[in-house]
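Report on the structure given below.
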Amino acid sequence: MSDNSAMEYVLGDMLLTYRIDERERVSMRLIPEKMREQVLEKEDFEPEPLVQLHARGDHLPNGYGNGQTLAGTTATDALKYQSQTREGDTVITTVSDGNGRTVRHKVRWQEGLSALSVSCEFENTGTEPVTLNLLSSINLSGITPFTAGDASGALYLHRIRSMWSAEGRLQTESIEQAMLERAWAGNALRQVKYGELGSMPVKGYFPFAAIEDRSAGVTWAIQLACPSSWQIEIRRRDSGLNLMASLPDEDFGRWARTIRPGETFETPEAFVTAGIGGVDEVSQRLLTLHRERMPHPEAELPVMFNEYCTTWGNPTHENLEGIVQVLDGHGFEYLVIDAGWYRKPGELWYECGGDWIPEEQDMFPKGLKATADMIRAHGMKPGLWFEPETCSKGSDIYYREEMLLKRDGVLIDTDNRRFLDLRREEVQDYLEERVIGLLARCGFSYIKVDYNDTIGIGCDDPDSLGEGLRQNMQGTQRFFRRMREMLPELVIENCSSGGHRLEPSFMALSDMASFSDAHECAEIPIIAAMLHRVILPAQSQIWAVLRQEDSLRRINYSLINGLLGVLCVSGDVTHLSKEQWDKVDEGIDLYREVRHVIRDGVSSFHGELSESWRHPKGWQAVVRQAGKEVLTVIHTFDGGYPAEIRLPINSDRIVRVMCSENNTVSLKDQVLTAELKAPFEALAVYTRS
């Protein structure tokens with residue numbers, strides 16, 4: 001094809017462009033379609049190819065990149081354009097080096113969505129094995145085509161951090177602060193690389209990145225759907241930035257995979273979008289793909305109760321009987337029995353996981369099925385907690401080494417946890433019997449799948465530790481699908497020490513997820529709001545733990561937290577006063593009235609929040625809009641908030657207000673005015689046109 005040939009596709013409000021250079025390398029650019037006339041032709045810019053590939057034995061990168069990246073090498077440059085086809089909703093671009101390395105780059109888009117999914121399929125069309133140690137899912141170039149030169153002072157990098165009970169912190173820095181400012185000589189590579197290692201893919205960072213051009217008012221955002229180790233790289237040599245997401249390379253995550261002649265290998269999907277606005281607005285566009293992949297996108301959000309913060313690992317039939325009698329008639333739809341139901345007599349519950357045999361001597365003398373039947377008789381569907389991928393020292397399977405993961409021939413043991421090898425059929429069959437079979441026999445409608453440690457960098461595999469990890473996590477997801485196939489009506493909760501698996505591939509297999517382990521913390525609404533950027537509130541289960549000593553302000557605060565997702569109550573429900581229960585009933589009633597807005601809406605964010613989440617100051621508001629209906633959720637923290645806030649609201653009539661301080665709330669000319677009176681108070685305002 002001719003020098004700088006281009007192929008274009010208008011996909012909703014986005015313009016996807018493929019450009020082929022004089023060396024027959026093809027690159028990919030994505031912009032808002034309405035901005036096409038603002039694109040600048042930059043002289044000092046050479047876009048990177050849309051596929052980044054490296055195999056053992058290939059030349060390593062130059063420009064001070066060796067040891068930092070395996071991208072941008074001669075192996076990538078050798079991939080030449082072969083063809084492009086559009087098959088239904090997928091654009092397939094084929095590149096090859098002519099020596100047996102062929103890659104099909106796939107972009108999928110569906111009408112009505114505001115984001116694309118991208119993956120790469122490698123095929124060994126040669127005669128010798130190829131050991132890949134880097135294959136990109138996406139490599140997006142041309143950032144930014146709207147601001148002249150190297151866009152000094154205009155570009156910002158957004159990442160989303162995660163720690164236990166502190167998930168979702170947005171980290172924003174200028175490209176200059178990130179040290180991605182181009183060097184004075186174009187041969188020097190500038191790069192930021194980050195990711196996650198192990199079986200908890202959201203333990204330190206979410207697999208998310210966004211680059212914002214504040215001068216043009218445009219943001220590019222990506223999210224990787226990967227349940228194991230992953231990496232994201234932002235690179236530049238000239239006036240343009242390149243954004244890549246992939247499985248970890250061999251340097252970073254010990255990943256390599258040998259592809260034999262005739263075999264193929266496909267990368268995890270990456271979600272990508274480009275839109276007008278900043279990270280808050282554009283992150284909502286990625287979530288249209290999440291919504292499309294939900295198991296039951298039109299299902300009504302349930303009212304949940306989980307007994308963990310009530311019994312603290314002692315969910316006996318007697319305890320549960322007292323709980324269900326109190327909950328009956330208050331609108332709860334599910335009651336989940338959490339950890340401890342499998343405890344062996346005389347042993348600690350957290351040392352007994354793995355065999356998944358109900359303790360029937362003291363805890364369930366009539367059998368676990370009788371307890372599930374009792375819950376159902378009180379108008380609620382029963383749920384049960386498991387941690388199926390791990391086992392503890394009090395279980396029999398803990399000592400069956402042939403069923404467990406090893407690294408360097410040694411069992412992976414984190415003091416009180418060993419890990420089942422989900423690649424093995426006998427392990428899949430064991431979990432079918434112990435987990436799926438128990439759920440079916442006892443009539444459970446809900447499973448909470450927890451996971452409370454990581455196997456680390458990987459497990460033994462002929463190719464690499466990272467490939468062993470990847471295959472094991474594919475085995476975990478195969479078990480999720482097996483549960484769904486065998487029990488089609490089962491509701492699946494994805495939990496990993498709270499929020500360590502809040503990434504798209506797990507979310508697509510789950511009806512909902514635990515948002516965090518911050519069960520009773522003041523920062524619950526902060527975490528819950530932050531997660532609106534990376535998961536759907538319809539899949540984000542928010543806990544409202546109620547204590548008998550709680551003031552009505554605190555009860556109100558906890559319940560309104562739940563309006564930021566799926567409401568899940570726990571705590572001292574058998575000891576609450578009538579006045580406290582009246583407030584609980586108010587919260588449940590409001591939740592039931594607005595849960596379609598939580599499910600179907602789009603979020604915007606307001607407020608002034610301190611850096612500390614553990615000792616928060618300031619205020620926040622999340623405005624969730626679905627058509628002509630709006631739910632506004634407001635929280636104050638420990639000082640630093642104004643006496644009154646004003647928020648733009650696209651509706652003109654107040655339907656309901658929930659608060660604890662008799663706050664004055666008004667709506668005029670689509671501006672909501674709310675009085676703030678006290679620290680750690682919450683207001684929920686439901687409006688519509």
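The values are calculated or read from the model by the stated rules, or taken from the named source; none is laboratory data. For clarity, every value in this text was computed on a predicted model and none was experimentally measured. Cβ coordinates were reconstructed from backbone atoms using ideal geometry, including for glycine residues, and neighbour counts include every protein chain displayed.
Here are a few things to note about the model shown:
- Some residue of segment 166-187 being touching a helix residue (DSSP H, G or I) at 6+ places or on another chain (Cβ under 7 Å) and of a type in the set (Lys, Arg): yes
- Answer residue from segment 346-359, given it is closer than 20 Å to Ala370 by Cα and out of contact with any helix residue (DSSP H, G or I) (no Cβ under 6 Å at 6 or more places or on another chain) and is surrounded by the fewest Cβ atoms within 10 Å (Cβ to Cβ) among those: Ile357
- Checked against (1) crowded, with 21+ Cβ neighbours inside 10 Å; (2) aliphatic (A, V, I, L, M); (3) touching a residue at least 60 places away in the same chain (Cβ under 8 Å), Leu552 passes all but condition (1).
- First in segment 266-294 and more than 16 Å from Gly12 (Cβ to Cβ), second anywhere and of a type in the set (Phe, Trp, Tyr), Cβ under 6 Å, 6 or more apart: Asp280/Phe605
- Lone qualifier among Gly278, Gly240, Gly331, Gly313 - being in contact with a Lys or Arg (Cβ under 8 Å, 6 or more places away or on another chain), under 24 Å from Val623 (Cα atoms) and of a type outside the set (Val, Ile, Thr): Gly278
- Where a residue in segment 184-200 is assigned by TED's automatic domain parsing to the domain that holds Thr73 and its partner, wherever it lies, is at pLDDT 95 or above and surrounded by fewer than 16 Cβ atoms within 10 Å (Cβ to Cβ), with Cβ under 6 Å and at least six apart: Glu196/Gly204
- For segment 348-363, a residue qualifies if it is over 14 Å from Glu307 (Cβ atoms) and more than 35 Å from the chain's Cα centre (by Cα), and the qualifying residues are Glu360, Gln361, Asp362.
- Summed over segment 314-337, the residues that are in a loop (DSSP other than H, G, I, E, B) and either under 23 Å from Gly498 (Cβ atoms) or modelled with pLDDT under 95 (or both) give a count of 4.
- Within segment 658-674, residues that are at pLDDT 95 or above have Cβ atoms under 9 Å from residues that are in a loop (DSSP other than H, G, I, E, B) and acidic (Asp, Glu) in these pairs: Cys659/Glu681; Ser660/Glu681; Glu661/Glu681; Asn663/Glu681; Leu667/Asp652; Lys668/Asp652; Asp669/Asp652; Gln670/Asp652, counting only partners at least 6 apart in sequence or on another chain.
- Of the strands (runs of 3 or more DSSP E) lying entirely inside segment 19-121, those containing at least 1 residues that are within 27 Å of Arg260 (Cβ to Cβ) and modelled with pLDDT under 95 span 80-87.
- Subset of segment 199-215 (residues that are among the small types (Gly, Ala, Ser) and crowded, with 20+ Cβ neighbours inside 10 Å): Ser199, Ala209, Ala210
- Every condition in (1) assigned to a loop (DSSP other than H, G, I, E, B); (2) in contact with a His (Cβ under 6 Å, 6 or more places away or on another chain) is met by Ala151 except one, and the failing one is (2).
- Candidates are the residues of segment 154-189 that are acidic (Asp, Glu) and in a loop (DSSP other than H, G, I, E, B); the one that is nearest to the chain's Cα centre (by Cα) is Glu167.
Yes/no matrix, rows are residues, columns are (1) out of contact with any helix residue (DSSP H, G or I) (no Cβ under 6 Å at 6 or more places or on another chain); (2) closer than 17 Å to Thr310 by Cβ; (3) in a helix (DSSP H, G or I):
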| residue | (1), (2), (3) |
| --- | --- |
| Leu502 | yes, no, no |
| Asp517 | yes, yes, no |
| Ala528 | no, no, yes |
| Leu531 | yes, no, yes |
| Ala544 | no, yes, no |
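- Any hit, segment 472-486, residues being modelled with pLDDT of 95 or more, in the same structural domain as Val336 (by TED's automatic domain parsing) and assigned to a loop (DSSP other than H, G, I, E, B): no
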